[in-house]
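See structure below.
Laboratory data are not the source of any read-out in this text; all were calculated from the coordinates shown. Small disclaimer: the values here were computed from a predicted structure and weren't measured. Here Cβ is always computed from backbone atoms with ideal geometry, including for glycine, and neighbour counts include all displayed protein chains.
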Amino acid sequence: MRTMHPYLNFDGQAEEAFNFYKSVLGGEFSFFQKMSDAPESDKLPENEKNRVMHVALPINEHTILMASDCLPSAGHVLREGNNMYVHIAAESREDADKLFNGLSAGGTIEMPMEDMFWGDYFGSFKDKFGIQWMINFGSY
């Protein structure tokens, strides 16, 4: 079964925001990782190492609120309109490729579908209508 999840972007406030959301919505984080936990994080500026790479807060059995902080050193600039993605958890690698290739047609690829260091198959893009998407097969 495919599931869709809201994915939020922050400029250094993801941890604070998600602690707040958790205090209101309840539950526990199913995933929480800082940029300093990522490969080659030693190349990041000190002020970015404590930013959130990925956080996931299950809302119910079918919905997970997720987020990360942007990295200014990588050229990420948070603007209204790029602070949210639609995340689709695919049923298989083939399903992920089908969704990615179909939805990204005429759009702009941010990250092509590929195996990621955290073990999932993942890609992201902005579609031809300006909506940002993440396609993932693996842990969600």
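Using just the helices of the chain, give the 222 nm mean residue ellipticity in deg cm²/dmol: DSSP H runs with n ≥ 4 each add -39,500 (n - 2.57), and the total is spread over all residues, rounded to 500. Provide the component values of the computation, followed by the final result.
Details: 2 runs with 24 residues, N = 140.
So the calculated ellipticity at 222 nm is -5500 deg cm²/dmol.
Count the net charge of all other residues whose Cβ sits under 15 Å from the Cβ of Asn9, scoring Lys and Arg as +1 and Asp and Glu as -1. All intermediate terms of the calculation are to be shown ahead of the outcome.
Details: positive: Arg51, Arg79, Lys126; negative: Asp11, Glu15, Glu16, Glu48, Asp69, Glu80, Glu110.
Result for the neighbourhood of Asn9: -4.
To make sure I understand the rule: partners must be lysines, Cα under 18 Å from the Cα of Lys34, and not fewer than 8 residues away in the same chain. Which ones qualify?
Straight-line reach from Lys34, under 18 Å: Lys22, Lys43, Lys49.
Just to confirm the filter: which trypsin sites (Lys or Arg not before Pro) across segment 82-129 are DSSP coil and have at most 13 other Cβ within 10 angstrom of their Cβ? Show your work: numbers first, answer last.
Numbers: sites: Arg93, Lys98, Lys126, Lys128; in loops: Lys128.
Sites meeting the loop and neighbour criteria: Lys128.
Straight-line reach from Lys126: which lysines have Cα under 18 Å away, leaving out those fewer than 8 places along the same chain?
Lys98
Going Cα to Cα from Lys128, which aspartates and glutamates come in below 15 Å? Please leave out same-chain ones fewer than 8 positions away.
Lys128 reaches Glu110.
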